[in-house]
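Just passing along the structure, written as structure tokens.
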Amino acid sequence: MKKPGFKQRFQYWFDNYMSHGSSAMLTGLFILSALIILVAAALVKLTNTAPNGESFLEVAWMSLLRTLDSGTMGGDTGSPFFLLMMLIVTFGGIFVVSALIGIINNGIEDKMDELRKGRSAVIESDHTVILGWTPQIFTIISELVLANESRKSGAVIVVLADQDKVEMEDAISERIPDTKNTRVICRTGSPIDLTDLEISSPHTARSIIILAEGSDPDTAVVKSVLAITNNPNRHPEPYHIVTQIRDPKNMDVVRMIGTKDLVQPILTNDLIARVVAQTSRQSGLSLVYTELMDFSGDEIYFKEEPSLSGKTYGDALLAFGKSTLMGIRKADGTIAMSPPMDTRIASGDQVFVLAEDEDKIDLADPARVTLDESLIRTHGKASRPKPERALILGWNRSGAIIIRELDNYVSKGSQITIVSDIYNLDKKIRQDSGRLKNQKVNVLEGDIRDRALLEKLEATEYDHVIVLAYNHLDQQEADAITLVTLLHLRDIAERDETPFSIVSEMLDVRNRELAEAAKVDDFIVSEHLISLMMAQLSENAELMDVFTDIFDPEGAEIYLKPIGDYVALGQPVNFYTVTEAARRRGETALGYRLMNENHDSEKAYGVHTNPDKLQKVTFSAEDRIIVIAEE
């Protein structure tokens with residue numbers, strides 16, 4: 001084999017040297033410049049051709065100036081050899097400076113590309129980390145921005161997702177133009193990769209939110225939780241992780257891998273199904289849930305009030321002026337939402353209340369608690385349960401759970417009709433719904449946008465109509481189908497005097513404004529509701545037990561009941577009196593809904609939670625009281 005020559009070896013060495021990047025090239029240029037200057041100065045000094053007999057260092061300085069500024073040579077005088085040396089130094093300087101500018105320019109471009117890639121590590125603490133990228137992220141960030149307004153030093157949200165950093169920043173800036181005192185930092189990386197995960201600094205975060213993304217979202221969530229909890233760089237303190245799971249079978253897996261940490265998974269399909277089922281029978285309930293879980297209005301706070309120790313829960317209901325009591329958290333941590341009125345508040349117990357802010361949770365002056373006994377109605381009209389007819393248009397993975405939930409509320413002999421264009425849905429429903437005790441299910445195949453089909457179904461003959469979004473379609477396509485169906489239903493309803501409720505599930509919260517033209521009783525934006533809950537839990541992990549109790553079909557739940565059963569209609573009445581009327585029935589009053597505002601988005605569609613207890617309101621027969629009750 002022929003040995004490589006000097007030229008090949010030098011070229012190989014030079015290639016290896018240049019591969020070290022900008023720092024190596026800068027070092028090489030410095031050495032080349034020094035050689036040119038020193039050699040030129042040495043030759044001028046050896047030939048004694050310096051114009052004024054300058055020393056070696058003086059000649060080297062002259063050469064350096066001509067290297068940096070080629071125009072300096074224009075004033076040179078002296079022997080031809082001296083001028084030739086200065087000309088060589090000047091040409092060498094032009095090459096060196098040009099190469100230097102190119103290297104600096106390339107270095108800046110490389111740094112900009114590196115920043116664009118979003119691969120630099122975040123050095124933050126007490127921040128919120130969001131792993132993954134789905135449409136939910138905009139709601140979550142919006143809510144966290146509102147929650148962080150009270151932080152004087154500001155707050156930081158770090159988003160780590162397998163997306164382009166600049167595209168993420170642009171999308172967030174477009175949807176959330178004002179982040180107030182919250183900084184949002186985006187980084188590119190895989191939430192399930194241990195190396196990428198370190199970029200977001202999860203070990204110094206106060207909470208971590210994991211979004212369910214991809215074709216198999218539960219698997220992605222499980223891997224992300226594993227990457228955090230089993231990280232070799234983890235800290236000994238428990239991590240606070242909030243996430244969502246679709247399949248109930250995976251709930252135990254998530255809890256199992258997070259035994260050392262506070263992992264709070266939300267079972268999304270189950271939660272949304274319960275909300276849809278309950279809302280279909282109580283118009284406005286989804287609005288109440290939204291009010292309870294967003295940061296824009298009143299929020300749920302825990303507080304220990306020693307002055308209430310020994311008093312009953314019923315006595316405490318009228319003790320708060322600017323906040324509304326919801327229940328008790330016992331010293332052992334158990335939650336009792338709207339417990340029996342004779343329940344004693346023991347030392348060490350905490351109450352949880354609905355309030356505008358934590359500093360407004362103060363006990364009211366007993367002298368200001370005014371009741372008008374003449375306006376309280378002690379007995380409402382108890383209606384006898386009767387079989388109900390429900391119509392479900394469309395289908396998604398929450399459908400079977402909705403059927404089971406409705407079966408717990410309706411009386412025996414009720415019917416439910418399902419219309420969808422999904423093939424062989426009848427068989428799937430029988431498998432997933434299980435045995436029903438109060439309902440008979442009828443499944444029909446058809447396009448829910450077909451006006452002739454809706455007319456043939458006689459939608460006005462049903463007590464409740466539920467329109468579900470097809471989750472196997474793109475969000476916008478699914479919502480478009482829902483919108484068309486709703487417009488047809490509203491037109492049919494306006495031509496008929498038979499009252500029936502219409503509840504619709506939307507996937508994109510932006511489409512809610514479009515859907516308001518259909519004047520539907522309730523819109524349930526499923527992803528939006530889940531996002532609100534995740535944001536709340538990330539800020540206060542203690543709320544998990546409260547939310548679980550609220551949505552649990554067993555025990556006390558939130559109801560909207562005719563307010564005429566509680567207080568006199570057509571006469572001004574304050575909320576202290578309304579609270580007392582509910583207390584006498586063993587219920588906790590949270591607020592009311594004014595039906596003359598039910599299509600006004602600026603007034604929360606008529607929902608007023610935690611109202612001023614001294615302000616008087618005149619109610620009509622259509623208005624509702626919002627209570628926590630057993631039934």
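The values are calculated or read from the model by the stated rules, or taken from the named source; none is laboratory data. The shown structure was predicted, so the numbers you read here are calculated from the model rather than taken from an experiment. Every residue, glycine as well, gets a Cβ built from its backbone with ideal geometry; the counts of neighbours run over all protein chains shown.
Would a scan of the range 246-262 turn up a residue that is assigned to a strand (DSSP E or B), touching a Pro at 6+ places or on another chain (Cβ under 8 Å) and modelled with pLDDT of 90 or more?
If we filter the range 246-262 for residues that are assigned to a strand (DSSP E or B), which is where we start, we get 262.
Keeping just the survivors that are touching a Pro at 6+ places or on another chain (Cβ under 8 Å) gives 262.
Cutting the leftovers down to modelled with pLDDT of 90 or more gives us 262.
Within the range 246-262, one or more residues are assigned to a strand (DSSP E or B), touching a Pro at 6+ places or on another chain (Cβ under 8 Å) and modelled with pLDDT of 90 or more.
Something else now. I'd like to know if the range 291-302 contains one or more residues that are in contact with a strand residue (DSSP E or B) (Cβ under 6 Å, 6 or more places away or on another chain), among the acidic types (Asp, Glu) and touching a residue at least 24 places away in the same chain (Cβ under 8 Å).
yes
Next up: Restricting to strands (runs of 3 or more DSSP E) lying wholly in the range 373-445: which have 1 or more residues that are within 30 Å of residue 563 (Cβ to Cβ) and in contact (Cβ under 8 Å) with a residue 60 or more places away in the chain? Before the answer, list the steps.
Working: elements: 389-393, 414-420, 439-445.
Strands (runs of 3 or more DSSP E) meeting the threshold: 389-393.
Give the range 581-631 a look and list any residue that's touching a Ser or Thr at 6+ places or on another chain (Cβ under 8 Å), surrounded by fewer than 16 Cβ atoms within 10 Å (Cβ to Cβ) and more than 18 Å from residue 373 (Cα to Cα), or say none.
Within the range 581-631, 596 is the sole residue that qualifies.
Next question, about the same structure. Taking the conditions exactly as written (under 16 Å from residue 547 (Cα atoms), more than 26 Å from the chain's Cα centre (by Cα) and of a type outside the set (S, T, N, Q)), does residue 335 satisfy them or not?
Working: under 16 Å from residue 547 (Cα atoms): yes; more than 26 Å from the chain's Cα centre (by Cα): no; of a type outside the set (S, T, N, Q): yes.
So residue 335 fails the test.
Follow-up. Across the range 331-347, what is the number of residues that are surrounded by 12 or more Cβ atoms within 10 Å (Cβ to Cβ) and under 17 Å from residue 301 (Cβ atoms)?
So the answer is 5.
Checking residue 208 against (1) in the same structural domain as residue 192 (by TED's automatic domain parsing); (2) over 18 Å from residue 191 (Cβ atoms), which test does it fail?
Looking at each condition in turn, residue 208 falls short on (2).
Could you run through the range 222-245 and say how many residues are in contact with a helix residue (DSSP H, G or I) (Cβ under 7 Å, 6 or more places away or on another chain), of a type outside the set (D, E, K, R) and not in a strand (DSSP E or B)? Can you show your working first?
Taking the range 222-245 first, the residues in contact with a helix residue (DSSP H, G or I) (Cβ under 7 Å, 6 or more places away or on another chain) are 222, 225-229, 231, 233-235, 239, 241-245.
If we keep only those that are of a type outside the set (D, E, K, R) as well, we get 222, 225-229, 231, 233, 235, 239, 241-245.
Applying the additional criterion that residues be not in a strand (DSSP E or B) yields 222, 225-229, 231, 233, 235, 239.
Total satisfying the criteria: 10.
Please verify whether residue 540 is polar (S, T, N, Q) and at pLDDT 90 or above, treating the condition exactly as stated.
Numbers: polar (S, T, N, Q): yes; at pLDDT 90 or above: yes.
For residue 540, the condition - polar (S, T, N, Q) and at pLDDT 90 or above - is met.
If you don't mind, there's one more thing I want to ask. Residues 493, 478, 452: which one is without any contact (Cβ under 8 Å) to a residue 12 or more places away in the chain, of a type in the set (A, V, I, L, M) and not in a loop (DSSP other than H, G, I, E, B)? Spell out the reasoning first.
On the way: 493 fails: without any contact (Cβ under 8 Å) to a residue 12 or more places away in the chain; 478 fails: without any contact (Cβ under 8 Å) to a residue 12 or more places away in the chain.
Only one candidate passes the filter, namely 452.
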